[in-house]
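Here you go, one structure.
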Amino acid sequence: MKRTLAGSLLLLTAVAGCGSDPEEPASGGKELEVLYKVEPTWPHLEKMLGDAKKQYESAHPGVTIKLTPVQGNNEAYYTKLALLNRSPDSAPDLYYHDTFQVNADVAAGKLAPLDDYLAKWPDWTAQFPDSVKQAAKGPDGKIYGVPISTDTRGLWYQKDVFAKAGLPVPWEPKTWNDVLTAARTIKQKLPGVVPFSMYSTKIHGEASTMQGFEMLLYGTPGGTLYDETQKKWVAGGKQFTDALAFINTIYREELGPKQADAHNAKLSDKNNFEWFPDAKLGIALDGAWTAAAWKPTSTKPWPQWQDKMGWTAMPTQNGEAPGAVSMSGGWVMAMSAFTKNKQEAFDFITVATNKQNSMTYSVGTGDLAPRKDVAADPKYSADNPSVKFFTDLASVTHYRPAFEAYPKVSAQIQEAMEAVTTGSRSPEEAAAAYAEALPGAVGGADKVLAP
Amino acid sequence: MTVTAAPHPPVTSPPVRGSARRGVLRWLLPLGPALVLLVLFLAGPILWSVYIAFTNEALTGSASVDSRFVGLANFVKLFGDPNFLNSFLLTFVFVIGSAVIGQNTLGLVIALLQRGRGRVTRGVVNGVVIAAWVVPEVVAAACWFSFLAEEGTLNTVLGISQEWLYTAPMLAVILANIWRGTAFSMLVYSAALSEVPADLLESAAVDGAGPGRRLLHITLPLIRRSIMANLMLITLQTLASFGLIYALTGGGPGTASQTTPLYMYEQAFRYFEIGYGSAIALVLLVIGALFSLVYLRLIKVEEA
């Protein structure tokens, strides 16, 4: 009996030990935990943060940077971060954050406003353009993150495929119909080639919503998810249905990837590492960063890409002004409201987003550089002639309605897109289902505008 | 999801009334720490998840810091949700197909065929079947993925191009689960069959009963309680099965193989609706309990 008791007590002590504070290492120095994501084909952020850690630690003796990677895609990263953020004890001090998630965390009080620190950081006024500064602005007007990347979106096309299909190069589609016509020509002339690839299923998460649906919706006349003047979410409507109808046409006419590939989490790897280099794909609706898959910094470079690939803007539905459409998002480095060492944490942000590290990240990932000095540096665009084009798309770009409810709205959009992709619903039915689900997603029918 | 209650130690009433308190202390003291741990880590989370199921708790956003009590709203939404009903149907197909029919029958057949075989045969067959059971779910899923993928083993052998995981996702996960889980049923039935007296079977054979009649009228009735116990265990295991399906099809394409545990995961951890996810978990718990009740009832009927 004594032994049982002793054993139980031992267990209790062990359990009690779980609650100890992991923030402070035994040496007595300070530790900052930085959460970020990494994938086998996407090692660039890890490299950039590794450099930043070295620079920071040599300049700040007594502070250790603990880099905590999350292996997996964006969706896995959002989940891991949200779970860690549930408790101040497990929340990382700093994290790589997708801008569309920022407002939900601001509403929950998980993020620290940076304005007081930014005011004393000369780079903030000198190097970050005003449009970029908005990336992580909360509803209270405060800044909750320093941009690491920004982006635009457009069409990529394979010139060999176009030449073989008898399509003109350079290609400049003026309407959605021009895009569909080109895809139909490829399908007719080149069996075995995927004419047009886009993300349109739930497994691709926000990529489906933003690279896929919003690139269409914001190109329709007056198409938007959120009415800024009435401060309400738009429940479907003709523009919404038209955007879904485009996706429907792609899959019903078999102009897109096979269903199994449309539902494959690795579709982007197939597009960029296999199909484009093998001339098995004609057109892809994707982000500015796509070229990173082919550059010398990639895990699988494609040296001929500059000759073989073309890029052009996604046209508006019927060529309405301004003739092209783009969406912009990006990622920031954010600071937890729970961190005990705010000044030290902010100092790490300034190191991580300095010119050198920002350059490493932008060149590696192909994302557009938020800093003026990086954008102006010839090294930045040296291996990538597409950079200027995608940077200039900023003139026609749109931003997501970055409200707390947006991630839930996005989930409903993915639901509608997937139904149209598989053909389980017509565009009209899917739009109606979206309109019906919207009040639940945004927190009440009073926040919804009937189309 | 399903939790079988820890067996309570038999409490014998103390012989003398005055020492009742001492008697209680005698079993409570050594049991205390374990009880505290059980309440803390088993009952606590269950009660918390029951409570959460009646709130709008979320993983992020303002609802994650001040969640509200929403009454039965989550359950009302649940039973009107076509995706939930779809997942429920698929779970049913999955449990019946892979556990009740697949694992159960295959396990019994293998155990029957092994009777009276040499040690080497038994060793090899046991080894192979149990190996599938020993590998982690994710590894099993990876094996089946490479077997069924477009450039996978099956297509290469058959010389065809067929996206099995897209065209027949439920069949794929059911087969994978049978492959992985049969060992358990086989072990249960091997043990049960060794209890069937050989002389009974022999005398039946002498009386002219063929192998079919011997199985139907002697073996099966003698092992019926093992059958019920096995059915209950594998039903509960399969009902909560998550990793295998998640790694193999992710519930897709679309929602074609999204069983209730996967739907629950999607709502709770992908769309951050922890309250709604907990409501689904609670419903799943009730379904598991119902299954157990039916099986327990059947065993009782048999005993009476």
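The values are calculated or read from the model by the stated rules, or taken from the named source; none is laboratory data. Nothing here was measured: the structure is a model prediction, and the numbers come from that model. Because the Cβ atoms are built from the backbone with ideal geometry, glycine has one as well, and the counts that use them run over all protein chains shown.
Go through (1) over 25 Å from B:Val50 (Cβ atoms); (2) in a helix (DSSP H, G or I); (3) among the small types (Gly, Ala, Ser) and name the single condition B:Ser257 misses.
B:Ser257 satisfies all of (1) over 25 Å from B:Val50 (Cβ atoms); (2) in a helix (DSSP H, G or I); (3) among the small types (Gly, Ala, Ser) except (2).
Here's something else I'd like to know. Can you tell which of A:Ser410, A:Ser381 is of a type outside the set (Val, Ile, Thr) and either touching a residue at least 12 places away in the same chain (Cβ under 8 Å) or buried (at least 21 other Cβ atoms within 10 Å of the Cβ) (or both)?
A:Ser410
Within the group B:Thr238, B:Thr260, B:Thr255, which residue is outside the structural domain of B:Trp48 (by TED's automatic domain parsing) and at pLDDT below 90?
Result of the check over B:Thr238, B:Thr260, B:Thr255: B:Thr255.
For the range A:91-110, how many residues are under 14 Å from B:Ser64 (Cβ atoms), more than 9 Å from chain B (Cβ to nearest Cβ) and modelled with pLDDT under 95?
Quick first cut of the range A:91-110, residues under 14 Å from B:Ser64 (Cβ atoms) only: A:91, A:101, A:103-110.
From what is left, the residues that are more than 9 Å from chain B (Cβ to nearest Cβ) are A:91, A:106.
Still in the list and also modelled with pLDDT under 95: A:106.
Going through the range A:91-110 one residue at a time, the tally reaches 1.
Look through the range A:413-428, keep the residues that are outside any helix (DSSP H, G or I) and among the polar types (S, T, N, Q), and return whichever of them is surrounded by the most Cβ atoms within 10 Å (Cβ to Cβ).
A:Ser426
Next up: Just for the range A:78-90: of the residues that are in a loop (DSSP other than H, G, I, E, B) and polar (S, T, N, Q), which one is farthest from the other protein chains (Cβ to nearest Cβ)?
Only one residue fits best here, namely A:Ser90.
Just need a number here: residues in the range B:210-220 that are surrounded by 13 or more Cβ atoms within 10 Å (Cβ to Cβ) and either over 16 Å from B:Ser190 (Cβ atoms) or outside the structural domain of B:Ala192 (by TED's automatic domain parsing) (or both).
Matching residues across the range B:210-220 total 3.
Of all residues in the range A:260-283, how many are closer than 26 Å to B:Pro169 by Cβ, crowded, with 22+ Cβ neighbours inside 10 Å and not polar (S, T, N, Q)?
Number satisfying all stated conditions: 5.
So, one more: So for the range B:186-199 (the condition being surrounded by 15 or more Cβ atoms within 10 Å (Cβ to Cβ), in a helix (DSSP H, G or I) and within 14 Å of another protein chain (Cβ to nearest Cβ)), does at least one residue qualify?
No, the range B:186-199 contains no residue that is surrounded by 15 or more Cβ atoms within 10 Å (Cβ to Cβ), in a helix (DSSP H, G or I) and within 14 Å of another protein chain (Cβ to nearest Cβ).
I'm trying to understand the selection: among the residues of the range B:1-55, which are at pLDDT 80 or above and not hydrophobic (A, V, I, L, M, F, W, C)?
Across the range B:1-55, the qualifying residues are B:Arg26, B:Pro30, B:Gly32, B:Pro33, B:Gly44, B:Pro45, B:Ser49, B:Tyr51, B:Thr55.
Let's see how each residue does on (1) touching a residue at least 12 places away in the same chain (Cβ under 8 Å); (2) away from every other protein chain (no Cβ under 14 Å); (3) part of a loop (DSSP other than H, G, I, E, B):
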| residue | (1), (2), (3) |
| --- | --- |
| A:Met359 | yes, yes, no |
| A:Val363 | yes, yes, no |
| A:Val374 | yes, yes, no |
| A:Phe390 | yes, yes, no |
| A:Ser395 | yes, yes, no |
| A:Pro401 | yes, yes, yes |
| A:Glu404 | yes, no, yes |
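Among A:Glu57, A:Glu33, A:Glu23, A:Glu39, which is surrounded by 12 or more Cβ atoms within 10 Å (Cβ to Cβ), modelled with pLDDT under 85 and away from chain B (no Cβ under 14 Å)?
None of the others qualify; the one that does is A:Glu23.
Still on this structure: Just to be sure I understand the filter: pairs with C-beta atoms under 7 Å, separated by 6 or more residues or on different chains, first member in the range A:250-263 and touching a residue at least 40 places away in the same chain (Cβ under 8 Å) and farther than 13 Å from A:Tyr199 by Cβ, second member part of a loop (DSSP other than H, G, I, E, B) and of a type outside the set (Ser, Thr, Tyr). Which pairs pass?
Partner pairs satisfying both residue conditions: A:Arg252/A:Gly423; A:Gln259/B:Pro253.
Please name all residue pairs, on different chains or six or more residues apart, with Cβ atoms under 9 Å, provided the first residue is in the range B:49-64 and is hydrophobic (A, V, I, L, M, F, W, C) and the second residue is part of a helix (DSSP H, G or I) and at pLDDT below 85.
Sorted first by the residue in the range B:49-64, then by its partner, the pairs are B:Ala58/B:Ser64.
Within the range B:78-112, work out how many residues are without any contact (Cβ under 8 Å) to a residue 12 or more places away in the chain and either surrounded by fewer than 15 Cβ atoms within 10 Å (Cβ to Cβ) or hydrophobic (A, V, I, L, M, F, W, C) (or both).
First pass over the range B:78-112, keeping only residues without any contact (Cβ under 8 Å) to a residue 12 or more places away in the chain: B:79-82, B:85, B:89, B:92, B:96, B:101, B:105, B:109.
Now restrict to residues that are either surrounded by fewer than 15 Cβ atoms within 10 Å (Cβ to Cβ) or hydrophobic (A, V, I, L, M, F, W, C) (or both): B:79-80, B:82, B:85, B:89, B:92, B:96, B:101, B:105, B:109.
Of the residues in the range B:78-112, 10 are without any contact (Cβ under 8 Å) to a residue 12 or more places away in the chain and either surrounded by fewer than 15 Cβ atoms within 10 Å (Cβ to Cβ) or hydrophobic (A, V, I, L, M, F, W, C) (or both).
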